[in-house]
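Written below as structure tokens is the structure these notes are about.
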Amino acid sequence: MRKLLLAAAVVGALALAAAARPKPAPADVIGLLERNYASIHDYSADIEVSVDSPQLHMPRSAATLYFKRPDRMKIVPKEGFAVLPKDVFPGDPVRSIKQNFRLERLDSAKVGNEPVYVLSLVPKTTDVRGAMKLFVEKRRGIIIGTDADVGGAKFKSRWTYARVEGKYWLPSEIRIEMSGAMSTPVFDPREVKIKPPKSGKGTTLVRFSDYKINRGIPDSVFAEGKQTSR
Amino acid sequence: MEVVVEASDLQKRFGDVRAVDGLDLAVERGDVFGFLGPNGAGKSTTIRMIMGLVRPSAGTVRVFGYDVWRDRRRALARVGALVETPGFYRYLSGRQNLWLLSELSGGATREAVDLALKRAGLADRADDKVKAYSHGMRQRLGIAQALVCEPELVVLDEPTDGLDPQGMKEVRELISGLARDQGMTVFLSSHLLHEVEQVCTKVAVIHHGKQMGSGPVAELLSGGGRVQITVDRPARAAAALAKLDFVTVSAVRDDSIIAEVKDGRTAEVNRLLVAGGFEVSAIVPKRTSLEEFYFSLTGPEDGKANPA
Amino acid sequence: MVRQIRLEVFKLVRRGRSYLGFGALLLISGLAVVALLFGPHMIETSMSQGFITAGSYLNGGFVAWMMLNAPPTALFLPLFACVVTGDMVSGETADGTLRTVLSRPVGRGSLFAAKFAVSVIYVVALTLFLGIAAYGIGTIFLGRGVLVTFQEGSMLGAQGIYVYDAREGLTRLAAAYAFVSVGVLSVATIALFLSTIVANSLGAIGGAMLTLIVFGILAMFDFFKPIHPFLFTTHLDRWRDFFTTPIPWGEIRTSLAVLFAYIVVFLLAGLTVFTRKDVIS
């Protein structure tokens, strides 16, 4: 009987402690992400992008992504031209999120069996697609997906990770599923009329490989020669 | 004798206009055949039908026995022609034009081309572009292209058009030589009666699309018994001859009479005139000129052919 | 007939106007590269909302594609082809060379066939030259790379953007240019036919271009929709489908069939007229 009461007291205390623990704020979740990337000063990675959507069809676009703190980023296409969806927050994801979004509410959920924070992001700039939900895995403090709903078009990304150099969790593949109207109306001079936006379903696949972390990328890599446009 | 060009009841209508109306022609091998007629008579249309440029409305035309429309390759295989003002590629030289045209006929050796240019008097200008040629030079080149492949039949439509007198003479001599020395048959259409009379062995006259007369030149122009009698008092002598049934007086001149005497009885005419007290200076056979023959068929008001 | 084709080619290469089209298309290609180097081109704008772009899609392949897309090409390429084919018979009629040539032992049918064969050679050469010149000049000044194309819109805003790697892009460009040559040949054959019935080449060239323009206008209006499938102008643009994925081969075959039908019909019509016509000029 005594043991039972003791156990109940311990459980009760733990529950009270848990209840008394303050709920994390959106900024805390960002802090969780920052810790994951904190020790990365620079990196490069080979990226391969394929897009199949009503607006854009691109079987394969290969490039090398360079990043150096605080904010230098360069994408060097392997065949003259490459694209990278903004949904992957290239470079420093945390900086990109902080720069372009206002952090609003925070919820919890589960993706599969994995507990996640769900952060609602509201755009601060017009440089991003629109408002979105960011899914951050509680266990590892990594982004595992986004959901955006922009004027009838839905964008859902899911991130897969690999352990790089034994310590860094970095994306190996990001899959973005799209549906709805994905572009703006355009004037077609051939048919002499305004064509409505393209709509339908599509998939973008971004693969990352051959990460090189903290090798000391020289500044000259980021020098002139307009390689990247935002 | 082989008939090289044969037209049988040849007809051509352009709308309501009958350009050629039932023409029969036969050109034998070795002939230098003159084809005469006033402007609009149907000469060019006939020549174009012979060359397969114009389709007959009725009738047939055969060259070397082949129907020109049905079998033009064989019909024209041994023919060289100059049809009206010759057309050449102005951006090519005379030599290139000649080479190209000869290739269409199966080809000619370089030497043959050179010879044709030389005979046409164009050896010095052979490599100049045709657009720099004068009208006369183009005419010469036209004759050259008709002869370059050594044809057996040469069809020449106004070959001396645009040539100076020296050039005309050379062409006449060339035409005579073609038949005489090279055994070619020549079909010649010309306005120049004097030229035709000099070179042709046979003539045909076409008028309003119909053949008005034809035959060997020697026969047609032989006079057939016409004589010129030089006599004193021609008018009285003519009156005396008019009573004779074998004499027809056609003209009385100041010092002579032109009359047709049948059956060769000119000696009798002489005797009768002398017996009648007339002084007969000469009785000379009078040939018909081609001009006279031509105008007798076409009529003077229509005849626009140039006698000289 | 081989000999006659050879002779027709001989004439063609020695005539100044044969090179008019080549010179003009070379100039247009050069101007296009200049426009790309210095002018506005905001295809990225269409993608900017969702994508970061890197590098430049401006390269030889893009210039070659753009030349097909450019409105002047749709007009000038058939025009320059018609300048040659519209002169094939009527020009010779006016000059008197037809009379000289047909005084030779050549079959009218084989002569006309030779002229058509040379028309084909010229049209194909002209079209391919455009592609090679555009690709070449573009590559010299802009380099090589992926081929970026778009199905709708314009350089200043596009949809249906298709991107291919350099090798695949080149293959698709070659196929598209081959298709375009068939389209140009259809107009050129109309000019060749008209050349047999009019006495001067200007009439033949003008007639063919007028047909192109009128049919093109008919193809624009929904009122004439029932006849659209039968207008050759409806099918001239089918080259664009070589830049979609998947390529609609069925529709391409249909368009080729229509264009070839026009070619055959006008070829036979021209042949019929040519073999029967009186050469009276």
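Pull up the range C:98-137, narrow it to residues that are of a type in the set (S, T, N, Q), touching a residue at least 40 places away in the same chain (Cβ under 8 Å) and buried (at least 23 other Cβ atoms within 10 Å of the Cβ), then point me to the one that is farthest from the other protein chains (Cβ to nearest Cβ). Even if it seems obvious, please write down each step before you answer.
Here is the first cut: in the range C:98-137, the ones of a type in the set (S, T, N, Q) are C:100, C:103, C:110, C:119, C:127.
Okay, now just the ones that are also touching a residue at least 40 places away in the same chain (Cβ under 8 Å), so C:110, C:119, C:127.
Of the ones still in play, those that are also buried (at least 23 other Cβ atoms within 10 Å of the Cβ) are C:119, C:127.
Details: C:Ser119: 18, C:Thr127: 20 Å.
The qualifying residue farthest from the other protein chains (Cβ to nearest Cβ) is C:Thr127.
Would the range C:153-171 turn up any residue that is farther than 25 Å from C:Gly138 by Cβ, part of a helix (DSSP H, G or I), in contact (Cβ under 8 Å) with a residue 24 or more places away in the chain and of a type in the set (A, V, I, L, M, F, W, C)? Taking every residue of the range C:153-171 in turn, none turns out to be farther than 25 Å from C:Gly138 by Cβ, part of a helix (DSSP H, G or I), in contact (Cβ under 8 Å) with a residue 24 or more places away in the chain and of a type in the set (A, V, I, L, M, F, W, C). Only one of the numbered conditions (1) at pLDDT 95 or above; (2) more than 8 Å from chain C (Cβ to nearest Cβ); (3) closer than 23 Å to B:Gly167 by Cβ; (4) out of contact with any Asp or Glu (no Cβ under 6 Å at 6 or more places or on another chain) is violated by B:Ser93, and that is (4).
When the range B:255-308 is examined, which residues are found to be buried (at least 17 other Cβ atoms within 10 Å of the Cβ), at pLDDT 85 or above and assigned to a loop (DSSP other than H, G, I, E, B)? B:Phe278, the sole residue that qualifies. When the test is whether a residue is more than 30 Å from C:Val2 (Cα to Cα) and surrounded by fewer than 22 Cβ atoms within 10 Å (Cβ to Cβ), C:Arg167 passes it.
Consider the range B:30-68 and keep the residues that are more than 11 Å from B:Lys12 (Cβ to Cβ), more than 14 Å from chain C (Cβ to nearest Cβ) and aliphatic (A, V, I, L, M). The one that is surrounded by the most Cβ atoms within 10 Å (Cβ to Cβ) is B:Leu36.
Considered as a group, the residues in the range A:54-77 that are outside any strand (DSSP E or B) and more than 9 Å from chain C (Cβ to nearest Cβ) include one that is nearest to C:Tyr164 (Cα to Cα), and that residue is A:Asp71. If you check B:Leu122, B:Leu141 for being within 16 Å of C:Arg99 (Cα to Cα) and in contact with a Gly (Cβ under 7 Å, 6 or more places away or on another chain), only one passes: B:Leu141.
Inspect the range C:159-175 for any residue being of a type outside the set (Lys, Arg) and under 25 Å from C:Arg15 (Cα atoms) and give the result as yes or no. Steps first, please.
Initially, the range C:159-175 is screened for residues of a type outside the set (Lys, Arg), giving C:159-166, C:168-171, C:173-175.
Then keep just the ones that are under 25 Å from C:Arg15 (Cα atoms); that gives none.
No, the range C:159-175 contains no residue that is of a type outside the set (Lys, Arg) and under 25 Å from C:Arg15 (Cα atoms).
Residues that are outside any helix (DSSP H, G or I), farther than 27 Å from B:Glu195 by Cβ and facing chain C (nearest Cβ under 10 Å) do not occur anywhere in the range B:109-120.
Within the range C:221-243, track down each residue that is of a type in the set (Asp, Glu) and closer than 13 Å to C:Phe150 by Cα.
Residues of the range C:221-243 that are of a type in the set (Asp, Glu), as a first pass: C:222, C:237, C:241.
Of everything in the range C:221-243, just one residue is of a type in the set (Asp, Glu) and closer than 13 Å to C:Phe150 by Cα, namely C:Asp241.
With C:Val214, C:Val148, C:Val184 as the choices, which residue is assigned to a helix (DSSP H, G or I) and farther than 16 Å from C:Phe260 by Cα? Break it down stepwise before answering.
Working: C:Val148 fails: assigned to a helix (DSSP H, G or I); C:Val184 fails: farther than 16 Å from C:Phe260 by Cα.
The conditions single out C:Val214.
Looking only at residues in the range C:87-97 that are facing chain B (nearest Cβ under 7 Å) and not small (Gly, Ala, Ser), the one that is nearest to B:Glu150 (Cα to Cα) is C:Thr97.
What residue, among those in the range C:1-24 that are more than 11 Å from every other protein chain (Cβ to nearest Cβ) and within 17 Å of the chain's Cα centre (by Cα), is surrounded by the most Cβ atoms within 10 Å (Cβ to Cβ)? Residue satisfying both the conditions and the ranking: C:Gly21. Selection of the range C:48-68 for residues being without any contact (Cβ under 8 Å) to a residue 12 or more places away in the chain and either more than 7 Å from chain A (Cβ to nearest Cβ) or in a helix (DSSP H, G or I) (or both) yields only C:Ser48. Can A:Leu84 be described as surrounded by 15 or more Cβ atoms within 10 Å (Cβ to Cβ) and under 15 Å from A:Trp159 (Cβ atoms)? So A:Leu84 passes the test.
Return yes or no: is B:Ala146 more than 11 Å from chain C (Cβ to nearest Cβ), modelled with pLDDT of 90 or more and under 26 Å from C:Val106 (Cβ atoms)? No, not satisfied. For the range A:131-151, a residue qualifies if it is buried (at least 16 other Cβ atoms within 10 Å of the Cβ) and not in a strand (DSSP E or B), and the qualifying residues are A:Ala131, A:Gly141.
The values are calculated or read from the model by the stated rules, or taken from the named source; none is laboratory data. A quick note: this is a predicted structure, and the numbers were derived from the prediction, not measured. So basically every Cβ, Gly included, is an ideal-geometry build from the backbone, and we count neighbours across all protein chains shown.
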